[in-house]
Amino acid sequence: MDKLLTNKHQIAYDSLNLSLALVELDKKTRYFGTDVPIFHSEIHVIMAIAEHSGIHVGGLADVLGVTKGAVSEILKKLERKALVIKDIDDLNLSRYSLSLTEKGKKAHKNHMYYHSVLNNIVENELQNATEAELKFLSNFLSSLISRVENFDENIVE
């Protein structure tokens, strides 16, 4: 096998291993500076509420791309953990307005810090890259993500 093909195969394996490492990192339960464990799905609901103050269950489901039922189940857990408050919406008494408690705000702040640490890892790795290299890498990753998302697992050989 020629060296170029070997390098391309290595990049494919490295890409897969990076994806798996990120998934494993994301699956870990964290406390985000609070006294309660917060799961991946929960912290992303907290983030969406922080970014859309006063959002209601239906709007949150739309933002997250999940069902209202899924959002309601997560919200019950977040309320029990004292991270989220549901109040009757003053503009529409048939729905709830969502907000974060102080503990929820702390979790969100620490979650954003966690993301900044991960962003810094990438920035440090790319610190000496040229603009052309950055553009190539960005296009490569975008294209790869698109192709993987549209990959047909039912390929017939």
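The values are calculated or read from the model by the stated rules, or taken from the named source; none is laboratory data. Everything numeric here is computed off the predicted structure, so don't read it as measured data. Note: ideal-geometry Cβ built from the backbone for every residue, glycine included; neighbour counts use all protein chains shown.
A few notes on this one:
- Neighbours by Cβ (under 7 Å, 6+ apart or cross-chain): first from region 31-56, farther than 10 Å from L98 by Cα; second of a type in the set (D, E) and assigned to a helix (DSSP H, G or I): H40/D26
- Of the numbered criteria (1) in contact with a helix residue (DSSP H, G or I) (Cβ under 9 Å, 6 or more places away or on another chain); (2) modelled with pLDDT of 95 or more; (3) surrounded by 15 or more Cβ atoms within 10 Å (Cβ to Cβ), the one A129 fails is (3).
- Residues (of a type in the set (F, W, Y) and touching a Pro at 6+ places or on another chain (Cβ under 9 Å)) located in region 8-65: Y31
- Scan of region 41-53 for residues that are assigned to a helix (DSSP H, G or I) and surrounded by 11 or more Cβ atoms within 10 Å (Cβ to Cβ), ordered by number: S41, E42, I43, H44, V45, I46, M47, A48, I49, A50
- Number of residues in region 3-26 that are more than 22 Å from L60 (Cα to Cα) and in contact with a His (Cβ under 7 Å, 6 or more places away or on another chain) equals 0.
- Residues satisfying the stated conditions in region 57-66, i.e. part of a loop (DSSP other than H, G, I, E, B) and closer than 15 Å to Y96 by Cα: none
- Identity of the residue in region 27-40, within 13 Å of the chain's Cα centre (by Cα) and surrounded by 11 or more Cβ atoms within 10 Å (Cβ to Cβ), that ends up farthest from L118 (Cα to Cα): F39
- Set H115, H108: member being of a type outside the set (S, T, Y) and either in contact with an Asp or Glu (Cβ under 8 Å, 6 or more places away or on another chain) or exposed (fewer than 15 other Cβ atoms within 10 Å of the Cβ) (or both): H115
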